[in-house]
1. Quick one: in the stretch A:278-287, of everything that is in contact with a helix residue (DSSP H, G or I) (Cβ under 8 Å, 6 or more places away or on another chain) and surrounded by fewer than 24 Cβ atoms within 10 Å (Cβ to Cβ), which residue is farthest from the other protein chains (Cβ to nearest Cβ)?
2. Name the single residue that is surrounded by the most Cβ atoms within 10 Å (Cβ to Cβ) among those in the stretch A:172-186 being in a loop (DSSP other than H, G, I, E, B) and within 22 Å of the chain's Cα centre (by Cα).
3. So residue A:256 clears everything in (1) at pLDDT 95 or above; (2) facing chain B (nearest Cβ under 9 Å); (3) more than 19 Å from the chain's Cα centre (by Cα) except one condition, right? Which one?
4. Looking at this structure, is residue A:217 at pLDDT 95 or above and either outside any strand (DSSP E or B) or within 8 Å of chain B (Cβ to nearest Cβ) (or both)?
5. May I ask you to list the residues in the stretch A:3-28 that are under 18 Å from residue A:193 (Cα atoms), crowded, with 19+ Cβ neighbours inside 10 Å and within 9 Å of another protein chain (Cβ to nearest Cβ)?
6. Mind listing whichever residues of the stretch A:187-198 are in contact (Cβ under 8 Å) with a residue 40 or more places away in the chain and assigned to a loop (DSSP other than H, G, I, E, B)?
7. Assess whether residue A:158 counts as being assigned to a helix (DSSP H, G or I) and either facing chain B (nearest Cβ under 9 Å) or at pLDDT 95 or above (or both).
8. Hey, among A:273, A:293, A:189, which residue is out of contact with any helix residue (DSSP H, G or I) (no Cβ under 8 Å at 6 or more places or on another chain), surrounded by fewer than 21 Cβ atoms within 10 Å (Cβ to Cβ) and at the interface with chain B (Cβ under 7 Å from one of its Cβ atoms)?
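The values are calculated or read from the model by the stated rules, or taken from the named source; none is laboratory data. Owing to the predicted nature of the structure, the values given are computational and were not obtained by experimental measurement. Here the Cβ positions follow ideal geometry from the backbone for every residue, glycine too, while neighbour counts run over all protein chains shown.
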């Protein structure tokens, strides 16, 4: 059995939030800290809340605006993601995502929406976004919409795991829709995490790995899918095509020093398709890639499954 | 002039966050302060703040978050952006002369300090699509 621990789970950010701590007496405090962190990130970074800072920025029509620290951090992380992936993970996909029908919380997207017409919209590119560090301002060109979904959730996981650990002193696991961040001491043998297609399935097909530190993220085309007039769509958009990435891999899991880096790599790997294993190997990132037919490819220090 | 996006008063959640941190500090005393100090020093050192200043700031990290809720990104006296509550430093990425286009794309993705290992234990969480 895993060392003594307690877990709390609740719905947040359009997905499932989970916190586990190795000091069960502190689980209520851990949940409270996590809820506060997620509320902050949602108010700053949600594309689906009219009252979020990001929505206001997207409505600014090219005006220079001062933003709060959290949105600044999230934008910095998103632009770094674009830089280190040569634009494969691009935060300026917001409008293209909306044109694909992903224009509201996913719990509403996947419901019946007759008459949704899909249009392919060019992605303007992350270099169009200007951060002025001296003035603490951001300028997003008119007509460009920022979507921080690919990185903001992972950033929230990293921040939350650290905040929970700071507040409780406990070894901590935070999972936000399967984006996992660790902070503090790990139990002997590590924290066991199921790696699978769907984060909501602890018993899903896949394998269980033990983590001691850092982060683990999985990107998958199998879960967040919806029907449109042009056929099924998934949420991982190839910025160069302005359309969902071709499904060379249905699921990619990556371990990294942080959940953000793991998320950037797993998202980019879906988009890079056949080039992904070599790219991940060059970056020394342990990874597990699953083809649509179920073939598993392990990269770098990813372990053989336990038998 | 930049247009403020958020002039709301400090949010209740932020005050609660500060309360939580304060309780934590009382509970864990020196040990918790040492942990927070390590975290904040690590997060700020690359942002142009001295370790001494960061260490002093570490005992008021929660307060810093509350004070910053006026929506304005803080700017240090030397014009360098400082994010007391920041997890990631953007110091290496946004020094372009044209006002913010990243000048560098190195400092790439970082591998984990230790690789995942196979496990026979029942999982605590699952990593998958969401």
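1. This residue is A:279.
2. At the first step, the residues of the stretch A:172-186 found to be in a loop (DSSP other than H, G, I, E, B) are A:177-178, A:184-186.
Filter once more, so that each one left must be within 22 Å of the chain's Cα centre (by Cα): A:177-178, A:184.
Working: A:177: 27, A:178: 34, A:184: 20.
For the stretch A:172-186, the residue satisfying everything is A:178.
3. Going through the list (1) at pLDDT 95 or above; (2) facing chain B (nearest Cβ under 9 Å); (3) more than 19 Å from the chain's Cα centre (by Cα), residue A:256 breaks only (3).
4. yes
5. A:5, A:15, A:18, A:20
6. Scanning the stretch A:187-198 gives A:187, A:188, A:189.
7. In short, yes.
8. So the residue among A:273, A:293, A:189 that is out of contact with any helix residue (DSSP H, G or I) (no Cβ under 8 Å at 6 or more places or on another chain), surrounded by fewer than 21 Cβ atoms within 10 Å (Cβ to Cβ) and at the interface with chain B (Cβ under 7 Å from one of its Cβ atoms) is A:189.
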